[in-house]
Amino acid sequence: MELVTSTGGTTYRLHGATFQVSGPQHATLSSDTNPETSVLTASLAVGGYSVDLQDGWDLERQDGDHFVTVQATLLSSNPETFQIAAGGVTNLVYQFLTIGTVVTIGTGTLDISLQVITTAPDAGTDGVGGGPGGGGMSGSGGSLFAAPVFYETSVETNWVALGDMNSDRLTDVIAVCGEATTVLLNSGDGSLAFLGNFHNDFSFDPSTMALGDLDGDGKPDVVVSNATQSTVSVIFNISGTGPIQPTSFANGMFTSGMTLSTPNTTGQQATSLALGDVTGDGTLDLAVVDTFGGFSVYSNNGHGIFSFLGTTSTGAPEASSLIIADLDGNGHNDVAVAGPNTVVVFLNIGSTPMASPGRYSAPKSAVDLATADLDGDGQLDLVVVGSDGSVDVLLNAGQGTFRPPLTYSAHDTPVTVTLGDVNGDGRPDIAVANGGSLDVSILLNEGNGVFSTATDIPVPAPPTKVALGDLNGDGRAELVVAMDNGTRGIAVLLNIAR
């Protein structure tokens, strides 16, 4: 078990490490018995084993004639399992994260080697970059995004989402702007044409929005949460194929559906909503979370008519965000809710509405939650952002359980987070809207769920929500930004990553 290596001119060692091996034979391998050792060895019988790296280890970097301890987080599963086969070699890998560096430990049967991978954003010379990290980023250098193009709306924009609203196979932009739902149709080259506003009866601080086919006609409908009234407005998309004249907008694109009342207690507000099939009947149901930490579920009858099923307490007062997704891979959609200091995961086991919740660490000031397979293992992971600038990545450890968070930093006062492939490498990246600064933080996925230091992309005004999607058909995700704070409009930044 080799504990020391030199990579790229820098030497690292794992110091104070004790490995407890269990299986057909038991062994304890410890560098404490010889602090200067670089190799630990053990002879083991054929069979299945687990090895547990005990607390008390330090990752150290050589500095001149001595070693200094560096801050590091263990990314790999602990304990780790492995097999010893007759005459064979078993791969055993430990991976650590330290500032700016990924340290991978392990190839061979209880044979530890160190591989150090250091990455840094390349400075861009065109398009949008900037921020503390320098210029823009791409997989091979250069900038990610062109300069923002501004589209004016009637009032400040609270939320933005993407979808093909008029069935022309182009991704359009839909936004909640004050008391109206605003649609900007895609012209095919990434430019947008303002279609009009649909004024629904949600003049009570509309906050979040979701799109989905609620009535089975193949077109995305809209649900909007009205925070201070604890209601949700359902809006049906009744458009035909092709362009719609602005004069017929109200009758040609949308019509009002139900207004759902969430269980209302004095001071309670609906803070977030999500669409997903929770009941297993193939239709999109609705879940809404409130500031008292309860989430309410509404069952869809297949025609966009919803029935209240009940409210479940999360034990997380001031809950701010929720998602619906199959987190344990059993074919049933689960619910995860983010609140101060915690993410609460309710697994849907099919026979009962939800299993007892699992609780995981999150930023003290958690404000938004998103999910995607970040490390390529086929399981959905979680990203939670806090208004203190924290970006926590919780990798799925299997069966809907999650590892301790890896914490990164965005810029000033994050408010929402979105996941998508920004640089075209097939891995989901992180985009954070920073409400306290004129920028969006981009953290690139470097593989295995490890992310780069954030680069801040300037936008015209403090953003409230960002969305990622291909607007011009080149296979790369554009950045669409909703903006508030007196700015009436949406910014679109075309992706120019090379």
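The values are calculated or read from the model by the stated rules, or taken from the named source; none is laboratory data. Every value quoted in this text rests on a predicted model; they were computed, and no experiment measured them. For neighbour counting, all protein chains shown are included, and Cβ atoms are generated from backbone atoms with ideal geometry for every residue, glycine included. Quick note on the areas: whole protein, heavy atoms, side chains included, nothing else; ligands and nucleic acids left out. Shrake-Rupley method; radii C 1.70, N 1.55, O 1.52, S 1.80 Å.
Answer yes or no: is there a residue in region 442-454 that is over 15 Å from the mean Cα position of the chain (by Cα), at pLDDT 90 or above and crowded, with 24+ Cβ neighbours inside 10 Å.
no
Of the residues that sit in region 466-498 and are more than 21 Å from the chain's Cα centre (by Cα) and under 18 Å from Val417 (Cα atoms), which one is most open to solvent (accessible area, probe 1.4 Å)?
Taking the candidates together, the pick is Asp484.
Out of curiosity, is Thr371 in contact with an Asp or Glu (Cβ under 6 Å, 6 or more places away or on another chain), part of a strand (DSSP E or B) and open to solvent by 10 Å² or more (accessible area, probe 1.4 Å)?
no
Taking Gly339, is it at positive phi and of a type outside the set (D, E, K, R)?
Spelling it out, it is not the case that Gly339 is at positive phi and of a type outside the set (D, E, K, R).
Determine, yes or no, whether Asp412 is open to solvent by 50 Å² or more (accessible area, probe 1.4 Å), closer than 23 Å to Val173 by Cα, of a type in the set (D, E, K, R) and out of contact with any helix residue (DSSP H, G or I) (no Cβ under 8 Å at 6 or more places or on another chain).
When the stated conditions are applied, Asp412 does not pass them.
Could you run through region 169-183 and say how many residues are within 29 Å of Ile496 (Cα to Cα) and at pLDDT below 90?
The number of residues fulfilling the criteria is 5.
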